[in-house]
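The values are calculated or read from the model by the stated rules, or taken from the named source; none is laboratory data. Treat the numbers as computed from the prediction; the structure is a model and nothing was measured. Positions of Cβ are backbone-derived with ideal geometry, glycine not excepted, and every protein chain shown enters the neighbour counts. Heads up: the accessible areas ignore ligands, DNA and RNA and are worked out on the full protein's heavy atoms, side chains in. Shrake-Rupley method; radii C 1.70, N 1.55, O 1.52, S 1.80 Å.
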Amino acid sequence: MEMIKSKILHYLNHLQDVDYLAEIVNSISDTELCNIINELLQSGNDEIFGSTCLFIRDLLVLGSRPHNREKFVKGYPESLIVKNLEQLLFSPNHFTRKQVVYTLGKACSYSSTTVLNQAFNTYRDTDPILLPRLIGEMAWLGAENFWELLDSIMSSQVYMTRWAVIGVLSEFVGDDAQVKDELFQSKLRCTEQLRQDSNILIQSEAEYEYQLLQLRSLTYNLPRAERKKKRKDLERQYKPAFCFTRMSSAFTNHLYTNGLAQYSVAELEAFILDMT
């Protein structure tokens, strides 16, 4: 069992090596493998937890290939691994929560949308830097209420939560500026509302994103060089000094380098204030 644990934790050195994955799966029963994975998930060690989640994701994503992993993949949605991950979604550790959200999404745990909605209600105003990943994975899993969730975020009293909308919108790609499809119109509606926000940081980035959308809708038929020039001109005029993605990344790095696993919104806002 210790050898299997070691192989799982060293999968990082064998990324996307299907033979390495097959060697692990074929050397032990599905029940024993699930037990080992759950034990590693409960280790309380961020590094072990992250390595285990990586192993789960790739095992599921690459599971359609040969080497007898089909049985494990087929049984995964109803396994205790998913139940364990869903419980860990409410861990006090921010990094654990983020890993869980990503793993549930990329492993296509469609039945987890209910618990992800519960997580949204829990963390909307207490972990705003989690929201782009959370709503992005919910959309990936087919949750039909993500625009309602965005409306909920935009009505929050916490400005970092409202600012997170711009981070969430960046998770949704593929909108068509030429025909102004539903996704494009929804992005336009959200950024237009946030342009009027009481917080200057939100105003500035929302204005930039709104102008980008408008530019794309007006210049799609122009030569590439001309579109590029107009984009550069727009960036010079509207691109903000501070954006949600940059600020949340800086704060996440701050937590990591200081050995911190949780934070309060007051601490986040104080960090942002100090940076700006």
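Couple of notes before you dig in:
- Scanning region 7-47 for residues that are farther than 19 Å from F95 by Cβ and open to solvent by 80 Å² or more (accessible area, probe 1.4 Å) yields H10, N13, L15, Q16, D19, E23, N26, T31, N35, E39.
- The residue list R224, R216 contains one member that is charged (D, E, K, R) and out of contact with any helix residue (DSSP H, G or I) (no Cβ under 9 Å at 6 or more places or on another chain), which is R224.
- Residue match in region 211-222 (condition: over 30 Å from the mean Cα position of the chain (by Cα), outside any helix (DSSP H, G or I) and not basic (K, R)): yes
- Residue in region 126-141 that is out of contact with any helix residue (DSSP H, G or I) (no Cβ under 6 Å at 6 or more places or on another chain), farther than 22 Å from I272 by Cα, open to solvent by less than 10 Å² (accessible area, probe 1.4 Å) and among the β-branched types (V, I, T) present: no
- Evaluation of E226 against the conditions (1) closer than 30 Å to P92 by Cβ; (2) open to solvent by 50 Å² or more (accessible area, probe 1.4 Å) shows that the sole unmet condition is (1).
- As for region 186-198, it holds at least one residue that is touching a Lys or Arg at 6+ places or on another chain (Cβ under 9 Å), open to solvent by less than 80 Å² (accessible area, probe 1.4 Å) and not hydrophobic (A, V, I, L, M, F, W, C).
- Filtered residue count, region 77-95, keeping only those that are assigned to a loop (DSSP other than H, G, I, E, B) and either modelled with pLDDT under 95 or buried (at least 18 other Cβ atoms within 10 Å of the Cβ) (or both): 2
- Options T257, T252; residue that is free of Cβ contacts under 8 Å to residues at least 12 places away in the same chain, of a type in the set (S, T, Y) and in the same structural domain as A164 (by the TED database): T257
- Residue under evaluation D125, criteria (1) assigned to a helix (DSSP H, G or I); (2) charged (D, E, K, R); (3) touching a residue at least 24 places away in the same chain (Cβ under 8 Å), criterion not met: (1)
- Region 147-179, residues that are touching a Leu at 6+ places or on another chain (Cβ under 8 Å), touching a residue at least 12 places away in the same chain (Cβ under 8 Å) and in a loop (DSSP other than H, G, I, E, B): F172, D175, A177
- One residue alone among E144, E70 is open to solvent by 50 Å² or more (accessible area, probe 1.4 Å), free of Cβ contacts under 8 Å to residues at least 12 places away in the same chain and either of a type in the set (K, R) or within 25 Å of E182 (Cβ to Cβ) (or both), and that residue is E144.
- For the residues K98, K74, the requirement of being in a helix (DSSP H, G or I) and not assigned by the TED database to the domain that holds S248 singles out K74.
- The single condition among (1) surrounded by fewer than 20 Cβ atoms within 10 Å (Cβ to Cβ); (2) more than 18 Å from C243 (Cα to Cα) that S112 does not satisfy is (1).
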